[in-house]
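The values are calculated or read from the model by the stated rules, or taken from the named source; none is laboratory data. Since the model is a prediction, treat every value here as computed from it, not as a measurement. Here the Cβ is made from the backbone with ideal geometry for all residues, glycine too, and neighbour counts use every protein chain on show. Quick note on the areas: whole protein, heavy atoms, side chains included, nothing else; ligands and nucleic acids left out. Shrake-Rupley method; radii C 1.70, N 1.55, O 1.52, S 1.80 Å.
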Amino acid sequence: MGDLVLVKLGGSLITDKSRPYTPRMDVIRRLAAEIREARSGKKIPLIVGHGGGSFPHTSAKKYRTHLGVVSDESYRGVAVVQNDAAKLNRIVVEELIKAGENAISVQPSSSAVAEDSRIVKWDTEPVGKMVECGLLPVPYGDVCLDLRKGCCILSTEEVLGYLARKLGGRRVIMAGKVDGVFTSDPGDRGAELIPEITPDNFGEVKRCLGGSDGIDVTGGMLLKVAKMLELAKEGIQTEIINAAKPGYLKRALLGETGLGTVVKA
Ligand code: IPE
């Protein structure tokens, strides 16, 4: 499925990260409409994943789920985080259905197994079949049982990366609320957009990137870019775009490039 496109709707884009359990319904609705519009004019085999934002990040931080089974409360945490992640997923799926997409929820926590926060086993055949039927699979950053740590958090990047590798996707679109990767904090004076990240300039980019923001338990931008570069080396290109700008996700879906930062080999 070489023309398969995978999208991540970032948690900060679709929720208010400063307020626990607060979806940005207007944004989710607009993005759902853009996805539908792009797909109504053109056949685009697609998987739309999404981050957790202020839903599961809040509970994952409380139970330190990303660190593994670390206390008597850890399995309680697995249950609560799974429920929180699924609640946001239901909202996204519902809005996609209302927009006209035949969206279908895909729960990594109930079918994948991880080792050190990386998926090592997951039957992706059902997701592949969904894409073939024109259904729109909607997986998400989720909790997972982990052979080494007991439990872990799977970022959406990990989930989509695994699916792209298994199903032969070549293009991942990371839809966030910043224009791309910058040389310093995008709010700083003099911060410049880095249009292209490759293995050649990654060392330089690494020095520029700061830590993760407040409630993020999956490692912040640097780790995410490092994972994108791994994918790039396997022929899967990632584009980071600002989907808070109306029309950008639709344009990216229709094949436009150069809208933000591209990570390629
Ligand atoms: C996090 O997924 C999922 C959980 C905390 C369970 P991501 O790391 O992909 O989500 P965002 O985009 O940063 O919110």
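Which one of Asp188, Asp123 is among the acidic types (Asp, Glu), at pLDDT below 95 and in contact with a strand residue (DSSP E or B) (Cβ under 9 Å, 6 or more places away or on another chain)? Exactly one of Asp188, Asp123 is among the acidic types (Asp, Glu), at pLDDT below 95 and in contact with a strand residue (DSSP E or B) (Cβ under 9 Å, 6 or more places away or on another chain), namely Asp188.
Remark: pairs (first residue in region 1-29, closer than 20 Å to Asp179 by Cα and without any contact (Cβ under 8 Å) to a residue 12 or more places away in the chain; second residue among the β-branched types (Val, Ile, Thr) and not in a strand (DSSP E or B); Cβ separation under 9 Å; 6+ apart in sequence or on different chains) = Arg24/Ile14. A Cβ distance below 8 Å, combined with a sequence gap of six or more or placement on separate chains, defines the contacts here; from region 166-189, residues that are within 11 Å of Leu6 (Cα to Cα) and open to solvent by 60 Å² or more (accessible area, probe 1.4 Å) reach residues that are more than 16 Å from the ligand (Cβ to nearest atom) and in a strand (DSSP E or B) in the pairs Arg170/Gln237.
Here Leu46 meets each of (1) at positive phi; (2) surrounded by 22 or more Cβ atoms within 10 Å (Cβ to Cβ); (3) of a type outside the set (Val, Ile, Thr) with one exception, condition (1). Note on region 1-100: enclosed helices (runs of 4 or more DSSP H) holding 3 or more residues that are in contact with a strand residue (DSSP E or B) (Cβ under 6 Å, 6 or more places away or on another chain) and of a type in the set (A, V, I, L, M) are 74-98.
Taken over region 55-78, the criterion of being among the small types (Gly, Ala, Ser), touching a residue at least 40 places away in the same chain (Cβ under 8 Å) and more than 8 Å from the ligand (Cβ to nearest atom) is satisfied by Gly68, Ser74, Gly77. Against the conditions (1) closer than 24 Å to Glu230 by Cβ; (2) open to solvent by 10 Å² or more (accessible area, probe 1.4 Å); (3) of a type outside the set (Asp, Glu), Ala103 satisfies every one except (1). Here Ser155 clears all of (1) more than 10 Å from the ligand (Cβ to nearest atom); (2) hydroxyl-bearing (Ser, Thr, Tyr); (3) within 16 Å of the chain's Cα centre (by Cα) except the condition numbered (1).
Selection of region 127-157 for residues being closer than 16 Å to Asn89 by Cβ, open to solvent by 10 Å² or more (accessible area, probe 1.4 Å) and not in a strand (DSSP E or B) yields Met130, Leu135, Gly141, Ser155.
Look at region 214-245 and say how many of its residues are open to solvent by 50 Å² or more (accessible area, probe 1.4 Å), at pLDDT below 90, closer than 23 Å to Val48 by Cβ and part of a loop (DSSP other than H, G, I, E, B). Residues meeting the conditions: 0.
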